[in-house]
Amino acid sequence: MSSTNQIILACAIFLATYVLLIADKIHRTIVGAVVILLVGIITQNRAVEAIDFNTIGLLIGMMVIVGVTRQTGVFEYLAILAAKWAKGEPVKIMLYLATVIAWYQHFWITPPPCC
């Protein structure tokens with residue numbers, strides 16, 4: 001199968017996946033992977049080889065941190081604070097929250113350069 005045909009097939013699978021997701025007939029975690037494996041675009045062994053477990057570990061760690069932080073109410077506090085500072089203007093609220101998130105990521109999530 002040529003690469004052009006594979007691209008067309010992948011796009012068709014992508015659209016079919018969205019149709020199945022919108023119809024909510026099959027669980028969303030199953031739809032795309034099963035269709036791609038059944039059609040043969042990628043083999044199961046190649047799919048397993050492509051998994052980057054460092055990325056999976058990073059995502060799990062971030063989810064744990066966010067889950068614990070959410071229970072403290074810090075996200076609600078920051079949202080209310082940003083809304084007060086912006087006096088209810090949506091664009092300013094978005095800019096304030098983006099600034100806080102960038103600051104948080106730079107100083108708390110990114111490891112120091114020495115490590």
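Of the residues making up the stretch 47-92, those that are over 22 Å from the mean Cα position of the chain (by Cα) and in a helix (DSSP H, G or I) are Thr72, Tyr77, Ile80, Leu81, Ala82, Ala83, Lys84, Trp85, Ala86, Pro90, Val91, Lys92. When residues in the stretch 57-67 are screened for being of a type outside the set (Gly, Ala, Ser), more than 14 Å from Gln105 (Cβ to Cβ) and at pLDDT below 90, 2 of them pass.
Checked against the criterion of being β-branched (Val, Ile, Thr) and in contact with a helix residue (DSSP H, G or I) (Cβ under 8 Å, 6 or more places away or on another chain), the candidates Ile22, Ile42 yield just one match: Ile42. State whether one or more residues within the stretch 54-72 are small (Gly, Ala, Ser) and either in contact (Cβ under 8 Å) with a residue 60 or more places away in the chain or outside the structural domain of Gln105 (by TED's automatic domain parsing) (or both). No, because not a single residue in the stretch 54-72 is small (Gly, Ala, Ser) and either in contact (Cβ under 8 Å) with a residue 60 or more places away in the chain or outside the structural domain of Gln105 (by TED's automatic domain parsing) (or both). If the condition is being polar (S, T, N, Q) and exposed (fewer than 10 other Cβ atoms within 10 Å of the Cβ), then the stretch 59-81 contributes Gln71, Thr72.
Here Tyr104 passes the criteria (1) part of a helix (DSSP H, G or I); (2) surrounded by fewer than 11 Cβ atoms within 10 Å (Cβ to Cβ); (3) of a type outside the set (A, V, I, L, M, F, W, C) except the one numbered (2). Filtered by the rule that a residue be more than 18 Å from the chain's Cα centre (by Cα) and either surrounded by 10 or more Cβ atoms within 10 Å (Cβ to Cβ) or of a type outside the set (A, V, I, L, M, F, W, C) (or both), the stretch 28-46 gives Val34, Val35, Ile36, Leu37, Val39, Gly40, Ile41, Ile42, Thr43, Gln44, Asn45, Arg46.
The values are calculated or read from the model by the stated rules, or taken from the named source; none is laboratory data. Small disclaimer: the values here were computed from a predicted structure and weren't measured. When we count neighbours, we look across all protein chains shown, and the Cβ atoms used for this are built from the backbone with ideal geometry, even at glycine.
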